[in-house]
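Colleague: Sending over a structure as structure tokens; questions will come in a sec.
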Amino acid sequence: MATTVLVFLLCLTAGAFTAVRGEDPYLYYTWNITYGTISPLGVPQQVILINGQFPGPTINSTTNNNVIVNVFNNIDEPFLLTWSGIQHRKNSWQDGVLGTMCPIIPGTNYTYHFQVKDQIGTYMYYPSTALHRAAGGFGGLNVHSRSVIPIPYTLPLENDDFYVLINDWYTKSHSELRKLLDSGRTLARPQGVLINGQSGKTDGKGEPLFTLKPGRTYKFRICNPGLRTSLNFRIQGHNMKLVEMEGSHVVQNVYESLDVHVGQCYAVLVKADQEPKDYYLVASPRFLKGEPLMATALIRYEGGKGPASPELPKGPVGWAWSLNQFRTFRWNLTASAARPNPQGSYHYGEINITQTYKFVSSANKVEGKLRYAINGVSHVNPPTPPKFAEYYEVPEKVFKYDVMSITPPAEKITQVTLDTNIRNVTFHDFIEIIFENPENTIQSWKVDGYSFFAVAVEPGTWTPEKRKNYNLQDAVSRHTIQVFPKSWAAILLTFDNAGMWNIRSELTERTYLGQQLYISVYSPRRSLKEEYNLPDNSPLCGIVVDMPKPEPYNL
């Protein structure tokens, strides 16, 4: 339900009144989180449902909408949802990760309140706690552009806009998978792949996932909320024109298939200009050894006759193909984004880099158990969210800043430290981050609270001389980046969003076993101009439960 508020409201935030722009509409959702039993791969298993749905409902919003989601936790474990790609300007309290929020305890509810401020694009949400993502609880989050902002393509009709969630899937429950990781083992390969919660069949029978009208153009929003597997997506007999990825309009290249790495989202236009009959959507793993896996779903032309051809389009081979595809992605410099000015008016390539962070991943054993690390530090979540400790001005009682160096050891990382990994950064610094992957498997990285410029992905080891290969003109502004085996990726961003923000591996197993850190973008002014107060409805946990609330920020 959405209502437009036509008067100025006053919101009480931790004892202070804050003006809220009354012209921005509010969208209200009530979500019940429950367990259910379904059979995505033909085996009955426990999954997480939202209002009885798997995958969960899609949030359809518009730039600057206030999104209110009242989440009732009716499962038997603490639970959080994170809104992947939403920047939560000045509001890391709503990010839905354990560094900035106490989890929603079973039998209670929490109301998220965030604004999709100055954003457009294709995003998703998913659980961030206790490997719940392996059981579902994910869905699409769409931020439409305002009608006054021109779109660089003809916008399909409202009902011609489809979400396609593709992900790997395990037949073990999330609690069983968690026990595997806790015992020191790895998740190994998945048992299957899903498209919108189903594996599909190739017998030409069954109901279509979507119905198309001949001659119309449709938008497909494709996201990978999976655990660890990069997937290739293609549509039998149809090409895809890429128009947007993770909040940025892009140069509109045409592709036969797209590699969608874990955590990534793309929006493509597909014209229904083929023979009227059925066709298959196909998703299959990339870089996965062993017996081939695949998911299919039918699309049907209205009035069409004839089943889909059993000859499915083949996916690409090798990661060099994927790297070359990444190099074709370019920012559309003439298109407006959430505001009526060209995306390319921000000349990021002309800004001096304040500091370089080089993050090298590693997989090591600690006391016989597998841990993943960044620069030799494997993150451990403390009972008190570090952001709460900062707000209550007792960080020294919960964690130490900067236990991890921003420069990795010169030698191979063999020793790993388990600690709460928080880096203190200077507000408004322009930062270069290098993600280096010395391992033999592909990785995917996510930065909360920001979009960044993905300026390079290259094989080998990064050195300062590699900056000559950076794209400093039209690299896409996005929030995830893949790093191929024995390769590196470079991103540029300005730390201009005060709060505490998670940088993590999007491979859930790696995040759970420590491959993440938090960046504290701290504003010593404690001003509402730079950061919001702790919301009154936030549940408390850890050492702050019985502490008096600090004086609230004010203007």
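Colleague: Any of Lys358/Lys387; Lys201/Lys486; Lys179/Lys201; Lys213/Lys446 with alpha carbons more than 26 Å apart? Name them for me. Kindly include the intermediate steps, with their values, before the conclusion.
Modeller: On the way: Lys358/Lys387 24 Å; Lys201/Lys486 36 Å; Lys179/Lys201 32 Å; Lys213/Lys446 37 Å.
Beyond 26 Å between Cα atoms: Lys201/Lys486; Lys179/Lys201; Lys213/Lys446.
Colleague: Mind running the shape call on segment 80-220? Use the C-alpha gyration tensor, a ≥ b ≥ c as the square roots of the eigenvalues: rounded below 1.5 for a/c, prolate if a/b tops b/c, oblate otherwise.
Modeller: Working: a/c = 2.72, a/b = 1.17, b/c = 2.32.
Verdict is oblate for segment 80-220.
Colleague: Something else about it: What is the antiparallel percent of DSSP beta bridges lying wholly in the chain, to the nearest 5?
Modeller: On the way: 105 of 142 bridges.
The antiparallel proportion sits near 75 percent.
Colleague: Let me make sure I get this right: for segment 377-427, a, b and c are the square roots of the gyration tensor eigenvalues over alpha carbons, sorted descending. Under 1.5 in a/c it's rounded, otherwise prolate if a/b > b/c, else oblate. Which is it?
Modeller: On the way: a/c = 3.59, a/b = 1.79, b/c = 2.01.
Oblate shape, in that a/c is at least 1.5 and b/c is the bigger or equal ratio.
Colleague: What net charge is computed for the residues neighbouring Asn497, neighbours being all others with C-beta under 14 Å from the C-beta of Asn497, Lys and Arg scored +1, Asp and Glu -1?
Modeller: On the way: positive: Arg89, Lys90, Lys117, Lys387, Lys529; negative: Asp95, Asp118, Asp429, Asp448, Asp496, Glu530, Glu531.
Surrounding charge for Asn497 is -2.
Colleague: Which net charge results for the neighbourhood of Gly247, defined as the other residues with beta-carbon distances under 14 angstrom from its beta-carbon, given Lys and Arg at +1 and Asp and Glu at -1?
Modeller: Working: positive: Arg89, Lys117, Arg221, Arg339, Lys446, Arg478; negative: Asp118, Glu244, Glu246, Asp448.
For residues surrounding Gly247, the net value is +2.
Colleague: Among Leu298, Gly315, Phe427, whose Cα projects farthest towards the positive end of the dipole of segment 298-443, with charges put on the beta-carbon of Lys, Arg (+1) and Asp, Glu (-1)?
Modeller: Selected residue: Leu298.
Colleague: With a 1.4 Å probe and all protein chains left in place, how much accessible area per residue does the chain have, in Å²?
Modeller: 40 Å²
Colleague: Follow-up. Under a cut-off of 18 Å between alpha-carbon atoms, report the lysines in cross-link reach of Lys205, not counting same-chain residues fewer than 8 places apart.
Modeller: In chain and number order, the partners are Lys277, Lys305.
Colleague: What's the local net charge at Asp278, with K and R +1, D and E -1, over the other residues with C-beta under 11 Å away? Intermediate results must be reported in sequence, preceding the final value.
Modeller: On the way: positive: Lys205, Lys277, Arg300, Lys305; negative: Glu207, Glu275.
It works out to a net charge of +2.
Colleague: Let me ask you something else. Full-extension gain between Ser147 and Asn352, please, as 0.36 nm times their residue separation minus the C-alpha to C-alpha distance.
Modeller: Details: separation 205, 0.36 × 205 = 73.80 nm, distance 3.58 nm.
Residue separation times 0.36 nm, minus the Cα-Cα distance, leaves 70.2 nm.
Colleague: Can you list the aspartates and glutamates whose alpha carbon sits under 19 Å from that of Lys369, skipping same-chain ones fewer than 8 residues off?
Modeller: Output for Lys369: Glu176, Asp182, Asp419, Glu439, Glu509.
Colleague: Not counting ligands, DNA or RNA, and with a 1.4 Å probe, what is Arg146's accessible surface area in Å² rounded to the nearest 10?
Modeller: For Arg146, solvent-accessible area is about 80 Å².
Colleague: Rounded to two decimals, what is the ratio between the C-alpha radius of gyration of segment 58-129 and 2.2 N^0.38 Å?
Modeller: Working: Rg = 12.2 Å, N = 72, 2.2 N^0.38 = 11.2 Å.
Dividing the Cα radius of gyration by 2.2 N^0.38 Å gives 1.09.
Colleague: Follow-up. Based on the Cα atoms of segment 190-239, what semi-axes does the equivalent ellipsoid have, where each is the square root of 5 times one gyration tensor eigenvalue, given in whole Å with the largest first?
Modeller: On the way: eigenvalues 101, 48, 20 Å².
Largest first, segment 190-239 gives 22, 16, 10 Å.
Colleague: When a/c reaches 1.5 or more, the comparison of a/b and b/c decides; with that in mind, is segment 359-489 rounded, prolate or oblate per its Cα gyration tensor? It would help to have the intermediate numbers written out before the result.
Modeller: On the way: a/c = 2.14, a/b = 1.28, b/c = 1.67.
Since a/c reaches 1.5 but b/c is at least a/b, the shape of segment 359-489 is classed as oblate.
Colleague: Could you give each residue of segment 166-178 its phi-based ³J(HN,Hα) in whole Hz, using Karplus coefficients 6.51, -1.76, 1.60 with θ = phi - 60°, and x for Gly or Pro?
Modeller: With the stated coefficients, segment 166-178 comes to 10, 7, 6, 8, 10, 7, 6, 6, 4, 6, 5, 5, 5 Hz.
Colleague: Estimate the FRET efficiency between Glu256 and Thr463 by the formula 1/(1 + (r/R0)^6), using the beta-carbon distance for r and 35 Å for R0, to the nearest 0.05. Intermediate values should be presented prior to the final figure.
Modeller: Working: r = 35 Å, r/R0 = 1.01.
According to the calculation, E is roughly 0.50.
Colleague: If each Cα of the chain is one equal point scatterer, what is log10 of I(q)/I(0) from the Debye formula at q = 0.05, 0.09, 0.11 Å⁻¹?
Modeller: The Debye formula, applied to the Cα set alone, gives -0.19, -0.65, -1.01.
Colleague: What is the spin-label model distance, in nm, from Thr171 to Ser345 if the labels are put 7 Å beyond Cα along the C-beta direction?
Modeller: Between Thr171 and Ser345, the label points sit 5.6 nm apart.
The values are calculated or read from the model by the stated rules, or taken from the named source; none is laboratory data. Every value quoted in this text rests on a predicted model; they were computed, and no experiment measured them. With ideal geometry, Cβ positions are generated from the backbone for all residues, glycine too; neighbour counts draw on all protein chains shown. Surface areas here come from the heavy atoms of the whole protein model, side chains and all, with no ligands, DNA or RNA. Shrake-Rupley method; radii C 1.70, N 1.55, O 1.52, S 1.80 Å.
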